[in-house]
Amino acid sequence: MISKAKIKFIHQLEHKKQRQQQHLFVAEGPKVVGDLMNKEKPRLIVALDSWLSSQHIDSSVEVCSVTDEELRKVSFLQHPQDVVALFPTLDNEDVLPDASKELVLALDGVQDPGNLGTIIRIADWFGISHIVCSPNTADVYNPKVIQATMGSIARVTLHYTDLQTFIKSQNSDVAVYGTLLDGNNIYKETLSQNGIIVMGNEGNGISPEIRALVNHRILIPNYPEGRETAESLNVAIATAITCAEFRRTK
């Protein structure tokens with residue numbers, strides 16, 4: 001049984017302001033919730049008995065056993081998936097990664113929650129542990145982002161900060177890659193295993209101020225050359241192709 005007040009509280013967390021005030025975010029489904037529980041203790045679990053019976057949950061966690069109908073009232077999904085949980089948000093701004101020691105993704109204004117969630121999942125697949133985001137990038141704790149990560153949010157750390165400051169704070173010899181129309185064919189480039197890969201906004205690409213800091217311009221070419229084709233690639237698809245090429249040349 002779950003109260004109307006608690007349902008209302010959970011639904012308020014759909015809004016960024018409430019997530020920031022409460023320092024909580026919503027995760028749904030056995031995969032996402034399960035992966036997050038391996039990293040962090042939830043504050044609240046709302047779930048069907050069939051899911052709860054298979055779990056070992058700390059006694060300090062508040063648990064609400066609900067019916068299918070009650071779960072539908074709680075869930076943000078069209079088809080609820082057994083469990084909804086609230087987890088604490090984290091402040092990662094003070095632990096920015098060192099791009100001279102690892103490959104880091106930098107997102108310059110990626111605004112679609114689905115794209116951001118997919119990029120987090122891509123980073124997880126290709127062993128990229130840190131994504132540095134400009135302040136105007138979509139909020140990682142948006143429920144649509146969390147859902148699109150399919151649990152990868154438990155293994156990839158996001159940082160929101162000024163990208164110019166972050167890039168300039170790195171060693172001067174750090175490679176800063178950017179996917180640009182005047183870039184060099186990525187399949188013919190020698191790619192570093194450390195450095196920064198900048199991916200830009202869905203409509204405008206990489207902003208001029210960040211573009212000025214890119215010291216390795218790369219391009220994913222279309223085939224065959226000169227053929228009329230799509231105007232551009234979706235940013236998540238472009239990220240997947242780029243990361244795959246970096247790891248292929250390892």
Query - Scope segment 204-221; condition of a type outside the set (S, T, N, Q), out of contact with any strand residue (DSSP E or B) (no Cβ under 6 Å at 6 or more places or on another chain), open to solvent by 50 Å² or more (accessible area, probe 1.4 Å) and in contact (Cβ under 8 Å) with a residue 12 or more places away in the chain; matching residues - result: 209, 211
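Mind checking which helices (runs of 4 or more DSSP H) fall wholly inside segment 1-112 and carry at least 2 residues that are open to solvent by less than 20 Å² (accessible area, probe 1.4 Å) and more than 17 Å from residue 145 (Cβ to Cβ)? First the steps, then the outcome.
Working: elements: 4-12, 16-22, 30-37, 49-52, 68-74.
Passing ranges, in order: 68-74.
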Query raised in the report: Would you pick out the residues in segment 222-243 that are farther than 17 Å from residue 115 by Cβ and either basic (Lys, Arg) or surrounded by 14 or more Cβ atoms within 10 Å (Cβ to Cβ) (or both)?
Result: 227
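Checking the structure you have, find out if any residue of segment 124-131 is open to solvent by less than 20 Å² (accessible area, probe 1.4 Å) and under 21 Å from residue 40 (Cα atoms).
Narrowing segment 124-131 to residues open to solvent by less than 20 Å² (accessible area, probe 1.4 Å): 128, 131.
Still in the list and also under 21 Å from residue 40 (Cα atoms): 128, 131.
Yes: one or more hits.
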**Report entry** Whichever residue in segment 174-203 is part of a helix (DSSP H, G or I) and touching a residue at least 12 places away in the same chain (Cβ under 8 Å) and, among such residues, is farthest from residue 104 (Cα to Cα)
**Finding:** 187
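What are the residues in segment 151-173 that are open to solvent by 10 Å² or more (accessible area, probe 1.4 Å) and in a loop (DSSP other than H, G, I, E, B), if any?
First, pick out the residues of segment 151-173 that are open to solvent by 10 Å² or more (accessible area, probe 1.4 Å): 153-155, 157-158, 160-162, 164-165, 167-173.
Selection gives 155, 161, 162, 170, 171, 172, 173.
Residues to consider are 198, 176; find the one that is within 24 Å of residue 141 (Cα to Cα), of a type in the set (A, V, I, L, M) and modelled with pLDDT of 95 or more.
Values: 176 fails: within 24 Å of residue 141 (Cα to Cα).
Of 198, 176, the one residue that is within 24 Å of residue 141 (Cα to Cα), of a type in the set (A, V, I, L, M) and modelled with pLDDT of 95 or more is 198.
The values are calculated or read from the model by the stated rules, or taken from the named source; none is laboratory data. Predicted, not measured: the structure shown is a model, and the values here were computed from it. Cβ: placed from backbone, ideal geometry, glycine included. Neighbour counts: every protein chain shown. Accessible surface is based on the protein model in full, side chains and every heavy atom, while ligands, DNA and RNA are left aside. Shrake-Rupley method; radii C 1.70, N 1.55, O 1.52, S 1.80 Å.
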